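Read the structure below first, then the notes.
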Amino acid sequence: MLKYIYLLCIGFILMSCKTNDASKQKDCINTILIQDDSLGQIRNNASKINSLSNSILSYTDALNALDFSNCPQPFSSAFKKHIRAWNNIMLVTTKHPTLRGEMHDLFDDLETSKDSTEFKKYLNKIWSTWDEIEKAKTIN
């Protein structure tokens, strides 16, 4: 009988550890998403004063500095791909160093610029990597 009670206690302890890991992972995901939202708002308005590329670079540098250590690997990987997608769009934005304004307005302008095809390719990659983040943020 004592053996069964011991095994039951070990089972509860192991379940508690797994629950704590899942909780840490959910907290990490939520923290990253909240920080991304705040940094994104800053990025969107920073381009009113700074170049679009500098605004994006500040955003991606800040994202790279976030602590992903408690996040599940699929989420972290998806987010790193998203950061790279943002960095890649600077291949177009650096061609337009004098553009100023709210980022989405500038993106609308770039979609009709001489660089529109290249810009749309990179913008689509940003959206597709965000879709990957959305899928990866679900913890079972």
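Quick notes
- Test: residue in the range 88-100 that is exposed (fewer than 14 other Cβ atoms within 10 Å of the Cβ) and closer than 24 Å to K26 by Cα: no
- I42 being open to solvent by less than 70 Å² (accessible area, probe 1.4 Å), modelled with pLDDT of 95 or more, assigned to a helix (DSSP H, G or I) and within 26 Å of R100 (Cα to Cα): no
- Lone qualifier among S128, S113, S77, S69 - being more than 17 Å from the chain's Cα centre (by Cα), modelled with pLDDT of 95 or more, open to solvent by 20 Å² or more (accessible area, probe 1.4 Å) and among the small types (G, A, S): S113
- Exactly one residue among T98, T129 is on the phi < 0 side of the Ramachandran plot, in contact with a His (Cβ under 9 Å, 6 or more places away or on another chain), among the polar types (S, T, N, Q) and in contact (Cβ under 8 Å) with a residue 40 or more places away in the chain, and that residue is T129.
- Residue among T117, T138 that alone is free of Cβ contacts under 8 Å to residues at least 24 places away in the same chain and closer than 14 Å to I32 by Cα: T138
The values are calculated or read from the model by the stated rules, or taken from the named source; none is laboratory data. The shown structure was predicted, so the numbers you read here are calculated from the model rather than taken from an experiment. Using ideal geometry, Cβ is built from the backbone for each residue, glycine included, and neighbour counts are taken over all protein chains shown. Quick note on the areas: whole protein, heavy atoms, side chains included, nothing else; ligands and nucleic acids left out. Shrake-Rupley method; radii C 1.70, N 1.55, O 1.52, S 1.80 Å.
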